[in-house]
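A.B. asks: If you scroll down you'll find the structure; I have some questions about it.
Rule-based calculations on the coordinates, nothing more; no lab input. The structure presented is a predicted model; accordingly, all values stated were derived computationally and were not measured. Glycine gets a Cβ as well: all are built from the backbone with ideal geometry, and neighbour counts include every protein chain shown.
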Amino acid sequence: DAGVTQSPTHLIKTRGQQVTLRCSPKSGHDTVSWYQQALGQGPQFIFQYYEEEERQRGNFPDRFSGHQFPNYSSELNVNALLLGDSALYLCASSRDRWNEQYFGPGTRLTVT
Amino acid sequence: KQEVTQIPAALSVPEGENLVLNCSFTDSAIYNLQWFRQDPGKGLTSLLLIQSSQREQTSGRLNASLDKSSGRSTLYIAASQPGDSATYLCAVVDGGSQGNLIFGKGTKLSVKP
């Protein structure tokens, strides 16, 4: 079992650009959640996907959007990038929203 | 609004010492609590999950306890090793969060040889 995988590992973008991050969940998991972790902080919940629908959302602007595909993989899109979007983006998967969440290695996004 | 606090923010101990990391949460109506380990610049590794009906969970040298009524959890690490050096994060799922994790800022542990 490959566990949760994310791509790319690192990304450098310029202010105003758009970015897409990808996540493949652990085998057997149908729920995918995305978190943003700024340096020195705990992860902050962005949103959660189940059955290709956004089930719940944290306190993030509409510039952050996502998608879940029929194979349960997911994408996180961020438009009009700001310097403050620089962070480690973590994807987590679980069997359902109430079960143990398993995290991927993260994507380090740097906005210049 | 649920808030999770971890004390201390950083801890340095000599190898072999037993240690306790603390986590507190403001709303006792939690569904479960998870402890994670994070190495620098890496993702999170799940260490232990405690359901709200449980008092403790053990895995190898790790033992996590939960006191829901007082809003506290502790992670006990026995016979610490340099390889235990990492940031340890505590997170809760409360009834109002619908399954998303609410994290503390973590405790950065350094175990000196």
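A.B. asks: Tell me, what is the percent relative contact order of chain B, built from C-alpha pairs under 8 Å that lie six or more residues apart? Each step should come with its number before you reach the end.
C.D. replies: Working: 288 pairs, mean separation 42.2, N = 113.
Relative contact order for chain B comes out at 37 percent.
A.B. asks: Oh, and also: With a Förster radius of 35 Å, plug the Cβ-Cβ distance of A:Leu83 and B:Asp27 into 1/(1 + (r/R0)^6) and report the FRET value to the nearest 0.05.
C.D. replies: Values: r = 33 Å, r/R0 = 0.95.
The formula returns an efficiency of 0.55 here.
A.B. asks: Let me ask something additional. Using a Förster distance of 45 angstrom, determine the FRET efficiency expected from the C-beta separation of A:Leu39 and B:Val20, and round it to 0.05.
C.D. replies: Values: r = 26 Å, r/R0 = 0.58.
According to the calculation, E is roughly 0.95.
A.B. asks: Mind sorting A:Leu88, B:Leu33 by how few other Cβ atoms lie within 10 Å of their own Cβ, fewest first?
C.D. replies: If I rank by nearby Cβ atoms, fewest first, I get A:Leu88, B:Leu33.
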